[in-house]
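Presented below is the structure to which this report refers.
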Amino acid sequence: MTTTAPREQKATGRRKLWGHQNRTLWFWVFVGPFLLGLGVFTYIPLGWSVYLSFFDAHNTVTPDDFVGLGNYTDMLRNEAFTDSLWTFLVFSLFIVPATYALSLALALMVHRQRRAQAFFRSVFFLPAACSYVVAALIWKMSIFNGVRFGLANTVLGWFGGDQIAWLSTTDPPWYWAVIVTVRLWLQAGFYMVLFLAGLQRISPTLYEAAAVDGARPGWQVFRHITFPQLRATSVAVVLLLVINAFQAFDEFYNLLSDSRGYPPYARPPLVYLYYTALGQGQNLGLGSAGAVLLALIIAVVTVGQAKWFGLGRKEAE
Amino acid sequence: MTISRRGLLGAGAALGLLTGCGSNTGRDDGGSGNGPKLSQWYHQYGEQGTEQAVKKYAAAYKKANVTVQWRPGNYDEQTAAALLTDSGPDVFEVNGPSLDQIQGKQVADLTELFDGVKDDFNPAVLAPKTYDGRIWGIPQVVDMQMLYYRKSLLADAGVQPPKTLDELVDAAKKLTSKKTKGLFLGNDGGAGVLGGTPLYAAGLELVTADGKVGFDDPAAARALGKIHRLYADKSLLLGAPADWSDPSAFVQGLTAMQWSGLWALPTVQKELGDDFGVLPFPKDGSAGKPSVPVGAYAAAVSARSKHQKAGKDFLKWLWIDSADRQEDFALAYGFHIPARMSLAKRAEKLSKGAAADAVRYTTDHGHAEPLLWTPASRSAYQDALSRIIKDGASPDDELRKVVRKVSDELGRVKKKS
């Protein structure tokens, strides 16, 4: 007895620590590394960035010149930063409705397709697997270059049109056509799949009931049955599209930058902050202040949008 | 085959260790010398044979084990970030070093290496490597840019090689046809590559010798307004598949004149024979003078290197004592002017034709971006230039904003010194 009692106590202590059937232990074994990674690669840099934003941190990540809110006021007064926010706004106004409409149209087309549905679904989805960098370079160098043998200019030439310097003309701002089409091509297929999933969840009995009530197939059925039934999917899609638009970097950078820099037009916030903090300027304090401001703007816009669309309200009720 | 839970965890842990050790500083492989291991970084040159050449130089050095890293991509950003950590290079070439890098004590003082040879380095490129009387980088080669023009196309249009900015604007217009544009200043219309060149052509400077803004003058707005005229006249080639640094647009006949670098000369010569000439950027106004931008990548030693002394010894051997290697690097692969004037003078390839003109322009009209011209000043100016050229923004208003920004920057860096 005297020898078994401590062993039992030890076993009970271990059970408390590791949990029933070592579940706590295995929880930490599996979740721990990811949690550690999240801490080391996300939360510590995030905290460090907030810390840097209060210092004059040119070419250093361990600054000692405290400037308080100086970097924030500099960034908010900085015309280039505020211009970059306008660029984002214009880009969102183009890309969000355009992608929404195109992906919904593709989903409706593919959904109604009786033959080779899987084939068309794959064809439209495939661009989503292409890298933004590669697509941007194809758009820039082959399709929308500004000389006579670029694809777009060749087509224009067939109809007697003049050559257009697509990425170098600000009046009219043709570069938007290049930026928007490359992103449309890349992401419409992905959102089409989300809408397809939404369409497949609509009960056929609703369509049958509508037919019995005399609803005409086509626009009337779409407006009164399909579209309202896709509300949850639409809210998620719009939310994702806006967040993705905020994160736009790859196609802008690869379409418009060169070895000497980046033009001031069509420069979204991430590109501007990249040049400020990580470019030759290496102003890590100012760049961090911009990143914090941008994070706050994204948070406010996302929460505002979610409230406006009533995201999660139905579930709560 | 089934994998046990323990086996899976073991493999995961091993993978974690492997990925954790993925940082390659370039110190552990290659190199043939004895002594400390040195990591040397270069940006990826477009010229064939350069990589093999620098590896050959490194292998020939016996007092240290030098490993070369040839780095593609955004090299300036890579080195700037690497200098913040201990895993960066010991010695590296740098498009600078910038004033912030010097003031931030990221690069080592190399002044002592120049004993007895300082006067032999081209002063135009040595000055931007000098701060507070100390030298922070060894200029490797001198690069310069100039205007290439196609003699036959100018003759067909009855146009003389332009000697003033007004003549350049007129010539570009006359040379523009359905198939060929008059002038190529880069796909952005010149905002990036021209930099301060039009200001120097108008008799002004970016920063004066006493550290003040050098273009707070109506002549600056006048000169930049003329660059906009080139754009408004539709005389500029825009959207070429290869940008200004590549002579493709010029040799393919897409443009009659192109702004490019000396490095493009061998290609242009090969493709066009004698059917081309070179010019400096033409002067503007009575106080103006022709202008040619020059620059130099410098070899520097990282202040974080544990082998600073060995790094300095290696750079002295390579870029100061080894005259043959400097000449080989400048002229055997691409086409650059050696940074040492004695080497530039004796170089056979630079003694005649367009190459000799280029060397003369560099000596007579060369100007480098001053050290006080910080990246923040440069981007503010480039943004303004882009708006002036493409959007037709008022040069006066735009330059007023730039002058304010540059004054702030000059105040900031002076406060630090």
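The values are calculated or read from the model by the stated rules, or taken from the named source; none is laboratory data. From a predicted model like this one, the values you see are computed outputs, not experimental measurements. Please note: Cβ atoms are built from the backbone with ideal geometry, for glycine as well, and neighbour counts cover all protein chains shown. Protein only, heavy atoms only, side chains kept; ligands, DNA and RNA dropped before computing areas. Shrake-Rupley method; radii C 1.70, N 1.55, O 1.52, S 1.80 Å.
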Please verify whether segment B:160-173 includes one or more residues that are free of Cβ contacts under 8 Å to residues at least 40 places away in the same chain, away from chain A (no Cβ under 14 Å) and of a type in the set (A, V, I, L, M, F, W, C).
no
Of all residues in segment A:184-208, how many are open to solvent by 60 Å² or more (accessible area, probe 1.4 Å) and of a type in the set (A, V, I, L, M)?
1
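Against the condition surrounded by 13 or more Cβ atoms within 10 Å (Cβ to Cβ), under 24 Å from the mean Cα position of the chain (by Cα) and within 14 Å of chain B (Cβ to nearest Cβ), how does A:Ile138 come out, does it pass? Give the derivation first.
Details: surrounded by 13 or more Cβ atoms within 10 Å (Cβ to Cβ): yes; under 24 Å from the mean Cα position of the chain (by Cα): yes; within 14 Å of chain B (Cβ to nearest Cβ): yes.
Against the criterion (surrounded by 13 or more Cβ atoms within 10 Å (Cβ to Cβ), under 24 Å from the mean Cα position of the chain (by Cα) and within 14 Å of chain B (Cβ to nearest Cβ)), A:Ile138 qualifies.
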Given (1) more than 25 Å from the chain's Cα centre (by Cα); (2) surrounded by 17 or more Cβ atoms within 10 Å (Cβ to Cβ); (3) not in a helix (DSSP H, G or I), identify the lone condition not met by A:Leu167.
(1)
B:Gly261 is checked against (1) of a type outside the set (A, V, I, L, M); (2) within 14 Å of chain A (Cβ to nearest Cβ); (3) touching a Gly at 6+ places or on another chain (Cβ under 9 Å); (4) open to solvent by less than 10 Å² (accessible area, probe 1.4 Å) and fails just one. What number does that condition carry?
(3)
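For A:Asp64, are the conditions met, namely being of a type in the set (Asp, Glu), open to solvent by 50 Å² or more (accessible area, probe 1.4 Å), at pLDDT below 90 and more than 17 Å from the chain's Cα centre (by Cα)? Full working, then the answer.
Details: of a type in the set (Asp, Glu): yes; open to solvent by 50 Å² or more (accessible area, probe 1.4 Å): yes; at pLDDT below 90: yes; more than 17 Å from the chain's Cα centre (by Cα): yes.
Judged against the criteria, A:Asp64 is a match.
Any residue in segment B:231-239 that is touching a residue at least 24 places away in the same chain (Cβ under 8 Å) and part of a helix (DSSP H, G or I)?
Residues of segment B:231-239 that are touching a residue at least 24 places away in the same chain (Cβ under 8 Å), as a first pass: B:231-239.
Next cut, part of a helix (DSSP H, G or I) only: B:231-232.
Within segment B:231-239, one or more residues are touching a residue at least 24 places away in the same chain (Cβ under 8 Å) and part of a helix (DSSP H, G or I).
Can you name the residue in segment A:255-270 that is in a helix (DSSP H, G or I) and either within 12 Å of chain B (Cβ to nearest Cβ) or without any contact (Cβ under 8 Å) to a residue 12 or more places away in the chain (or both) and is also surrounded by the fewest Cβ atoms within 10 Å (Cβ to Cβ) among such residues?
Initial filter on segment A:255-270 (in a helix (DSSP H, G or I)): A:255-256, A:269-270.
Now restrict to residues that are either within 12 Å of chain B (Cβ to nearest Cβ) or without any contact (Cβ under 8 Å) to a residue 12 or more places away in the chain (or both): A:255-256.
Working: A:Leu255: 20, A:Leu256: 23.
Across segment A:255-270, the extreme among qualifying residues is A:Leu255.
Consider B:Glu369 carefully, then state whether it is under 20 Å from the mean Cα position of the chain (by Cα), within 30 Å of B:Asn65 (Cα to Cα) and surrounded by fewer than 21 Cβ atoms within 10 Å (Cβ to Cβ). I'd like the intermediate steps shown before the answer.
Details: under 20 Å from the mean Cα position of the chain (by Cα): yes; within 30 Å of B:Asn65 (Cα to Cα): no; surrounded by fewer than 21 Cβ atoms within 10 Å (Cβ to Cβ): yes.
No.
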Just name the residue that is farthest from the other protein chains (Cβ to nearest Cβ) out of those in segment B:77-95 that are touching a helix residue (DSSP H, G or I) at 6+ places or on another chain (Cβ under 6 Å) and open to solvent by 10 Å² or more (accessible area, probe 1.4 Å).
B:Asn95
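Yes/no per residue for (1) closer than 19 Å to B:Ala80 by Cβ; (2) part of a helix (DSSP H, G or I):
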position: A:Tyr43; (1), (2): no, yes
position: A:Trp48; (1), (2): yes, yes
position: A:Tyr51; (1), (2): no, yes
position: A:Thr62; (1), (2): yes, no
position: A:Tyr72; (1), (2): no, yes
position: A:Thr82; (1), (2): no, yes
position: A:Leu85; (1), (2): no, yes
position: A:Phe88; (1), (2): no, yes
position: A:Phe91; (1), (2): no, yes
Go through segment B:188-215 and count every residue that is of a type in the set (Asp, Glu) and at pLDDT below 95.
2
Can you find, within segment B:234-250, the residue that is nearest to A:Ala165 (Cα to Cα) among those that are surrounded by fewer than 21 Cβ atoms within 10 Å (Cβ to Cβ) and more than 8 Å from every other protein chain (Cβ to nearest Cβ)?
B:Lys234
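Here are some residues: B:Leu185, B:Leu175, B:Leu206. Which one is out of contact with any Phe, Trp or Tyr (no Cβ under 6 Å at 6 or more places or on another chain) and over 30 Å from B:Leu315 (Cα atoms)? Can you show your working first?
Working: B:Leu185 fails: out of contact with any Phe, Trp or Tyr (no Cβ under 6 Å at 6 or more places or on another chain); B:Leu206 fails: out of contact with any Phe, Trp or Tyr (no Cβ under 6 Å at 6 or more places or on another chain).
Exactly one residue qualifies, and that residue is B:Leu175.
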Pair list, Cβ under 6 Å, 6 or more apart: segment B:302-318 residue in contact (Cβ under 8 Å) with a residue 24 or more places away in the chain and surrounded by fewer than 22 Cβ atoms within 10 Å (Cβ to Cβ), other residue acidic (Asp, Glu) and part of a helix (DSSP H, G or I)
none
Are any residues in segment A:37-62 of a type in the set (A, V, I, L, M) and either touching a Phe, Trp or Tyr at 6+ places or on another chain (Cβ under 6 Å) or more than 21 Å from B:Asp100 (Cα to Cα) (or both), and if so, which ones?
A:Leu38, A:Val40, A:Ile44, A:Leu46, A:Val50
Could you please give the count of residues in segment A:160-173 that are of a type outside the set (S, T, N, Q) and touching a residue at least 12 places away in the same chain (Cβ under 8 Å)?
5
